[in-house]
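The values are calculated or read from the model by the stated rules, or taken from the named source; none is laboratory data. Predicted model only: the values in this text are computed from it and were never measured. Here the Cβ positions follow ideal geometry from the backbone for every residue, glycine too, while neighbour counts run over all protein chains shown. What goes into the accessible areas is simple: the full protein's heavy atoms, side chains included, and nothing from ligands, DNA or RNA. Shrake-Rupley method; radii C 1.70, N 1.55, O 1.52, S 1.80 Å.
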Amino acid sequence: MKISVIVPTYNERENLEELFERIGGALKDYDYEIIVVDDDSPDRTWEFAQELSERYPVRVIRRTEEKGLSSAVIRGFKEAHGDIFVVMDADLQHPPEVIPQLLNAIENGADVAIASRYVPGGGVKNWYWYRKLISRGAIMVGRLALPRIRDVKDPVSGFFALRREVVEGVELNPVGFKILMEVLIKGRYKKVTEVPFTFGLRRAGESKLGTKTMLNYLRHVYRLMRWEGELDRLIKFTLVGLSGVVVNQGFLWLFVSGFGWDKILANIPATELAILNNFTWNDLWTFRDLKRKPLWRRLANFHIAALTGAVVQWIIYAGLVLLGMNYLVANMFGIVVSFVVRFLVNRHVTWG
């Protein structure tokens with residue numbers, strides 16, 4: 001079993017020698033290669049990596065036309081000779097000593113093994129609170145927007161191993177920011193295992209986290225939602241919701257103007273009929289491929305989602321009004337957030 005360690009680099013010259021030494025120590029019992037994919041670093045990382053190839057099993061790919069971490073990893077996949085690919089950064093925040101644990105997980109049946117900061121035993125060193133918040137927030141967004149990775153605790157990790165078959169013949173997006181997320185959505189696999197590790201301190205170079213990076217991540221999630229069909233599902237859910245507004249208003253008018261019912265009490269059956277309308281169309285159209293639970297459970301969960309959305313809407317509305325916002329604007333914020341909450345509850349619970 002041959003191991004290909006793929007290391008995308010940009011201005012990582014100062015870290016290379018220690019990195020290769022530690023990889024060699026961790027993989028002393030394996031047949032392995034290190035593939036450095038460098039984006040023509042100004043500090044000539046590619047040149048130093050080539051010099052070190054006289055002492056270590058290193059192959060260097062210097063890219064002068066193309067840039068980007070994901071495209072570098074994809075190029076590494078294409079150039080690799082191994083049966084198992086390991087992807088890691090060169091900045092020594094990913095400790096090479098964890099690689100044997102990832103390989104052990106693969107040998108024990110996993111198709112993808114992730115070095116995870118967010119399973120018991122994992123963690124990060126000396127991050128500011130806002131960096132932790134950004135990381136957790138990014139993971140939450142990804143797991144909510146992309147149900148296939150819902151159970152993965154660290155789908156944005158840059159340190160992972162996988163069988164060649166997972167990505168062989170799979171068209172991966174080279175402009176995606178988090179390549180692991182791309183693999184988890186598009187790859188061919190059955191079992192994912194997460195191995196705890198502590199994300200270390202950067203020894204040299206500069207962190208690449210910034211506003212542009214975060215925006216690119218959100219664009220990446222959006223593209224994956226489109227690829228998965230989740231964006232189409234969201235649009236259908238929106239259209240069904242609009243039909244529910246028509247049903248609610250129509251029956252409210254009928255009950256009050258046609259039957260002479262009390263305006264307050266008439267809203268109750270009108271709302272229930274709108275809920276039943278929305279449930280029916282979502283069950284037959286929006287989530288028709290996800291009807292794994294009995295009908296009564298789906299209907300009960302749909303009512304719970306509607307109630308949850310209503311409570312969230314009222315809390316946001318009341319809070320913003322108390323803060324001095326115009327009541328109509330505050331209500332609009334409440335409606336938008338309520339809609340998102342109802343969609344997520346229905347996607348992950350009612351038809352989850």
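State which residue is farthest from Thr271 (Cα to Cα) when the search covers only the stretch 288-345 and only residues that are among the basic types (Lys, Arg) and surrounded by fewer than 17 Cβ atoms within 10 Å (Cβ to Cβ). Break it down into steps so the answer makes sense when it comes.
Kept after step one, since they are among the basic types (Lys, Arg), are these residues of the stretch 288-345: 288, 291-293, 297-298, 342.
Going one step further and asking which of them are surrounded by fewer than 17 Cβ atoms within 10 Å (Cβ to Cβ), we end up with 288, 291-293, 297.
On the way: Arg288: 23, Lys291: 24, Arg292: 26, Lys293: 24, Arg297: 20 Å.
Among those residues, the one meeting the criterion is Arg292.
The criterion of being modelled with pLDDT under 90 and over 17 Å from Glu272 (Cα atoms) does not hold for Gly309. Against the test of being closer than 22 Å to Val119 by Cα, among the charged types (D, E, K, R) and either out of contact with any Gly (no Cβ under 7 Å at 6 or more places or on another chain) or surrounded by fewer than 21 Cβ atoms within 10 Å (Cβ to Cβ) (or both), the options Lys153, Lys236, Lys186 yield a single qualifying residue, Lys153. Selection of the stretch 269-287 for residues being surrounded by 13 or more Cβ atoms within 10 Å (Cβ to Cβ) and aliphatic (A, V, I, L, M) yields Ala270, Leu273, Ala274, Ile275, Leu276.
One residue stands out among those in the stretch 125-149 that are surrounded by 14 or more Cβ atoms within 10 Å (Cβ to Cβ) and not in a helix (DSSP H, G or I): the one that is farthest from the chain's Cα centre (by Cα), which is Trp127. Just the residues that are open to solvent by 10 Å² or more (accessible area, probe 1.4 Å) and of a type in the set (Gly, Ala, Ser), please, taken from the stretch 1-58. Result: Gly24, Gly25, Ala26, Ser53.
Here is a check on your reading of the model: is Tyr118 aromatic (Phe, Trp, Tyr), open to solvent by 10 Å² or more (accessible area, probe 1.4 Å), within 17 Å of the chain's Cα centre (by Cα) and at negative phi? Don't jump to the end; show me each part of the working.
On the way: aromatic (Phe, Trp, Tyr): yes; open to solvent by 10 Å² or more (accessible area, probe 1.4 Å): yes; within 17 Å of the chain's Cα centre (by Cα): yes; at negative phi: yes.
When the stated conditions are applied, Tyr118 passes them.
Checking the stated criteria, Lys78 turns out to be within 30 Å of the chain's Cα centre (by Cα), without any contact (Cβ under 8 Å) to a residue 24 or more places away in the chain and closer than 21 Å to Val170 by Cβ.
Conditions tested, residue by residue: (1) part of a strand (DSSP E or B); (2) closer than 20 Å to Arg163 by Cβ; (3) touching a Pro at 6+ places or on another chain (Cβ under 7 Å).
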position: Ile23; (1), (2), (3): no, yes, yes
position: Asp29; (1), (2), (3): no, yes, no
position: Ile34; (1), (2), (3): yes, yes, yes
position: Trp46; (1), (2), (3): no, no, no
position: His81; (1), (2), (3): no, yes, no
position: Glu97; (1), (2), (3): no, no, no
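Among the residues making up the stretch 36-72, a single one is over 28 Å from the mean Cα position of the chain (by Cα), farther than 14 Å from Val5 by Cβ and among the small types (Gly, Ala, Ser): Ser41.
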